[in-house]
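Okay, so here's the structure we're looking at.
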Amino acid sequence: QVQLVESGGGLVQSGGSLRLSCTASGIIFRFYDMGWYRQAPGKQRELVARRTSSGSSDYTDSVKGRFTISRDNTKNTVYLQMNPLKPEDTAVYYCNARNGIQNYWGQGTQVTVSS
């Protein structure tokens, strides 16, 4: 059974920082592209950042220079370091694992940034 378990969300003031973690089980982690998505109320889910199995990264424009995605294949974990945070970053953040055939999601973790 595949599980993606996120942690690290919470309430933070504008300008603050958070680090999200997502630990995977049930997959051969190193073969999967790992991503972070977010969904704000009334909006569609959007890709925030992705770290591929080959080590490349890409980010949505609104977080470039503020967020950093990384992964530790020895721990089956992907991270999202976020700072400085802005109120518009408020959303539920979801971990995603995909390999072109299979696509898995975590349950989400809430990030709330107060102004």
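The values are calculated or read from the model by the stated rules, or taken from the named source; none is laboratory data. All of these numbers come straight from a predicted model, not from anything done at the bench. All Cβ positions, even for glycine, are placed from backbone atoms using ideal geometry, and neighbour counts span all protein chains on display. All accessible areas refer to the heavy atoms of the entire protein, side chains included, with ligands and DNA or RNA removed. Shrake-Rupley method; radii C 1.70, N 1.55, O 1.52, S 1.80 Å.
Here is how the numbers come out for the structure above:
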item	result
Rounded percent of accessible protein surface that carbon and sulfur make up, the chain, 1.4 Å probe	46
Förster radius 22 Å - calculated FRET efficiency between residue 56 and residue 81 (Cβ-Cβ, nearest 0.05)	0.80
Probe 1.4 Å, protein heavy atoms only - accessible area per residue of the stretch 1-91 in square angstrom	53
Relative packing of 44-55, 28-39, which averages over residues the other C-beta atoms within 10 Å, highest first	28-39, 44-55
